[in-house]
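The values are calculated or read from the model by the stated rules, or taken from the named source; none is laboratory data. All of these numbers come straight from a predicted model, not from anything done at the bench. So basically every Cβ, Gly included, is an ideal-geometry build from the backbone, and we count neighbours across all protein chains shown.
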Amino acid sequence: MARWEQVIRISREIEERFNISAAVRSNGTLYLSGMTAINDKMEIVGPGNMEAQVQRIYERLQAALAAAGLTLLDVVNEIAYTTDIVALGRAAHVRDRCYRQADAAPPAVTAIEVSRLFFPEAMVELVATAELRS
């Protein structure tokens, strides 16, 4: 179980509404909750558009990492849950561009196709793990 001193708040409204911690530090690792392509009103950005959703997720991921003093350079693992693995593969260039712009090597990654996600219009949810800096 996480302790409050381990929690990094990213979006208090979302975290309180769904009773989650968006990011938890433990033993030199930052564990991030799954991220979808939501905006500040908790609406999906780019319904039906995988590229737009992947772009929004990486914007949110980079903001979450920044709250912990990290960047994409610190991400060591990703798990992507998607409702359309083929569309996710076609949109991979968006992810690749984000890592190139950060001058970061791509992390270990797994992609899993699922029948649906929490938000019905979400096509992808990304779970990331990062190494904390000493």
Residues that are among the aromatic types (Phe, Trp, Tyr) and under 20 Å from residue 23 (Cα atoms), drawn from region 80-134: 81, 118, 119
Counted residues, region 62-87 - those being more than 16 Å from residue 33 (Cα to Cα) and free of Cβ contacts under 8 Å to residues at least 12 places away in the same chain: 1
Number of positions in region 32-61 that are under 10 Å from the mean Cα position of the chain (by Cα) and either surrounded by fewer than 18 Cβ atoms within 10 Å (Cβ to Cβ) or touching a residue at least 24 places away in the same chain (Cβ under 8 Å) (or both): 12
Neighbours by Cβ (under 8 Å, 6+ apart or cross-chain): first from region 1-20, within 22 Å of residue 132 (Cβ to Cβ) and of a type in the set (A, V, I, L, M, F, W, C); second modelled with pLDDT of 80 or more and exposed (fewer than 14 other Cβ atoms within 10 Å of the Cβ): 2/26; 10/63
Residue tally, condition polar (S, T, N, Q) and exposed (fewer than 14 other Cβ atoms within 10 Å of the Cβ), over region 82-134: 4
Checking residue 73 against (1) modelled with pLDDT of 95 or more; (2) surrounded by 17 or more Cβ atoms within 10 Å (Cβ to Cβ); (3) not acidic (Asp, Glu), the condition it does not meet: (2)
Residue within region 39-59 that is within 27 Å of residue 113 (Cβ to Cβ), modelled with pLDDT under 95 and among the hydrophobic types (A, V, I, L, M, F, W, C) present: yes
